[in-house]
Amino acid sequence: MDSQLPLLEINGSWDDVFVGTGRRHLEKLLPNFLASRRWFGGKARIIRAAHISDVLPMRPAPISYAVVQVIYNDGEPEVYLIPLGFGNEEHVRSTESAGAGSILARLELKKGEARTSGVLYDAFGDDALSTMTLDMIGSKRRFHGEIGQLVGRPSRSFRRMRNQTAEPLKVAVLKADQSNSTLLYGDKFLLKQFRRLAEGVNPELEIGEFLTDAVAFAHSPPLAGAIEYVAPQRPIVTVGVLQGYVHNQGTAWNYTVEAVESYFEGILVQQPWPELPPDLLPRASLLKLAAGAAPHKADAMFGSYLASAELLGRRSAEMHIALATPTDRPNFGQEPITPYYQRSLYQTMRNTAVRTLSLLKRKIGGLAENVRPRAEEVLARESEINKRLRQVAERKINAMRIRCHGDYHLGQVLHTGNDFMIIDYEGEPTRSINERQIKASPFRDVAGMVRSFDYACYSALADQIAGLSRGSVELQRLRGWMQFWTSWTSAAFLRAYLAVARGQSFIPASIEESQVLLDVYTLEKVLYELRYELNNRPDWSRIPLHGILELLDEAAAP
């Protein structure tokens, strides 16, 4: 028994922990527990208090969902959902879906002379709760709480998908680095539960429903159902989304990192590292590179990956064409990019840049010694960052904006072995639901994927880069080969994307207008990366810092 675990003594049954004194003691334990969870988004903020605003018992299981409002020293509060269960400590520790890390406290229950011991734990993945959840969706069952209700809702496809499924479905928690919690039901269903709740219909549900029912897009998982939290006088909140399971060999991120490692095998074994021949160094913008063919050297050294990048480009364009389909559904269809929208977009990007650079100033002292010079250079070039962003407001862009993926990168794509499936339409969780519903140019998604190619390359070589100073010969040589890979891989992706999307109303007829959109959205994305790394993995800040400097140098080049 872990003596370090907090102890709660309750007079009555286990769920009296949510009542009176027990509830107040539990609320005091929640901040430390939340801060230890991978899915908790407030790690960079100081928690002032955590209040349980609703409790929804999932009877007959000894599990209740707690709706927890987290109050910070500054900024807006956040709301999280935690399924808290009561169980035998030894059993909980031995359960793969739970484990010791999910235990919040020990409970000592007293009823007269009788005493019962157990633990309070995060019950996501519990067999009883998982079975109940799937049944709740299929049968439209409701679970009532103190204020609101949890409501299951099947999609049009649920019954057909469920009837094709043999019983029983083995339940397993997906072990992945993500801000939500994911459950597999055999190889038939995948349930994504949102830990941080936001008022409104989550884009994962809204876009999934559109792509499944309105346009039958074949390269995303079909929607099977949803769980919603409904409370009087409040907007509906999406709690979970059920989808059809996609058989896959991992994410496109893992597939790409392996391709980068294979590419560098023959380069890194040479001592000293060879220099990229000057005639192979890409010297044009990405859009211009995409207008031509990759050099034979790239074909020879990249193996089959260029063809994979092209296929991903085609699937990305098909996704955008599907999302641009005319419809009377709210939040879909097309709208023009107007001068007013362009000015608003610039102001939003400018404000984001100011906040990001302010964060960098505060965090610069904690960065590694060989990273600080890059951070100082980025801070010194703030006016150049603003000038580059201002492009989006300085010329008329004749194109339409549509509903986009919103957080598009290699980790949001599954590699099936011979094709790609696009997943995770939730958008950036740090943005409000309303912000995520705003239509944009699809070049925002394109820029996210281009940055992801670059990120995968740097991630694969993190160990080699970590010990090199900014001006070293070794780093310059390594960067040459990295630029060769990322430039031509991104160009292959973009070439195939434009081949499919060209002629669509969301693609400007002018290459200059397309270049402006790609430039500003790429810079917006790399600033987002910098904020994320500063708050979560400061050692990785070197990647977006280098990305910013590269973009600025490219803009300054003749």
Residues located in segment 532-547, provided they are surrounded by fewer than 19 Cβ atoms within 10 Å (Cβ to Cβ) and either at pLDDT 95 or above or among the polar types (S, T, N, Q) (or both):
N535, N536
Going by the structure shown, is R343 touching a Leu at 6+ places or on another chain (Cβ under 7 Å), assigned to a helix (DSSP H, G or I) and more than 28 Å from G471 (Cα to Cα)?
no
Looking at F158, F143 in this structure, which one is in the same structural domain as A216 (by TED's automatic domain parsing), of a type in the set (A, V, I, L, M, F, W, C) and out of contact with any Leu (no Cβ under 7 Å at 6 or more places or on another chain)?
F158
Among the numbered criteria (1) out of contact with any Pro (no Cβ under 7 Å at 6 or more places or on another chain); (2) crowded, with 19+ Cβ neighbours inside 10 Å, which single criterion is violated by D122?
(1)
Quick one: which of G250, G244 is more than 26 Å from Q476 (Cβ to Cβ), in contact (Cβ under 8 Å) with a residue 12 or more places away in the chain and touching a Pro at 6+ places or on another chain (Cβ under 7 Å)?
G244
Right, R444: in contact (Cβ under 8 Å) with a residue 40 or more places away in the chain, among the basic types (K, R) and farther than 24 Å from S308 by Cα or not?
no
Please identify the pairs in which a residue from segment 272-290 that is closer than 24 Å to P508 by Cα has its Cβ atom under 8 Å from the Cβ atom of a residue that is part of a loop (DSSP other than H, G, I, E, B), counting only partners at least 6 apart or on another chain.
L289/P282
Unmet requirement for M421, which otherwise passes all of (1) outside any strand (DSSP E or B); (2) in contact (Cβ under 8 Å) with a residue 12 or more places away in the chain; (3) over 27 Å from I511 (Cα atoms)
(1)
When you scan segment 408-427, do you find a residue that is more than 18 Å from E206 (Cα to Cα), among the aromatic types (F, W, Y) and within 24 Å of the chain's Cα centre (by Cα), even just one?
yes
Can you tell me which residue within segment 2-45, out of those that are of a type in the set (D, E) and surrounded by 13 or more Cβ atoms within 10 Å (Cβ to Cβ), is nearest to the chain's Cα centre (by Cα)?
E27
Single residue of V269, V239 found to be within 24 Å of Q178 (Cβ to Cβ) and aliphatic (A, V, I, L, M):
V239
Within segment 350-386, can you find the residues that are over 26 Å from R45 (Cβ atoms), outside any loop (DSSP other than H, G, I, E, B) and without any contact (Cβ under 8 Å) to a residue 12 or more places away in the chain?
A380, S383
Tally time: how many residues in segment 124-155 are hydroxyl-bearing (S, T, Y) and more than 25 Å from the chain's Cα centre (by Cα)?
2
I'd like to check something: does segment 303-326 contain any residue that is assigned to a strand (DSSP E or B) and touching a residue at least 24 places away in the same chain (Cβ under 8 Å)?
no
Tell me, which residue of segment 272-329 that is under 18 Å from W481 (Cα atoms) and acidic (D, E) is farthest from the chain's Cα centre (by Cα)?
D279
Matching residues, segment 418-459, being out of contact with any helix residue (DSSP H, G or I) (no Cβ under 8 Å at 6 or more places or on another chain) and of a type outside the set (A, V, I, L, M)
N418, P429, T430, R431, S432, N434, E435, K439
Six or more apart or on different chains, Cβ atoms under 6 Å: show the pairs whose first residue is in segment 450-476 and of a type in the set (S, T, N, Q) and whose second is assigned to a helix (DSSP H, G or I) and crowded, with 21+ Cβ neighbours inside 10 Å.
S452/L410
Name the residues in segment 125-146 that are outside any helix (DSSP H, G or I) and at pLDDT below 95, would you?
G125, D126
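The values are calculated or read from the model by the stated rules, or taken from the named source; none is laboratory data. Keep in mind that what you see is a predicted model, and the values were worked out from it rather than measured. As a convention, Cβ positions derive from the backbone with ideal geometry for all residues, glycine included, and neighbour counts pool all protein chains shown.
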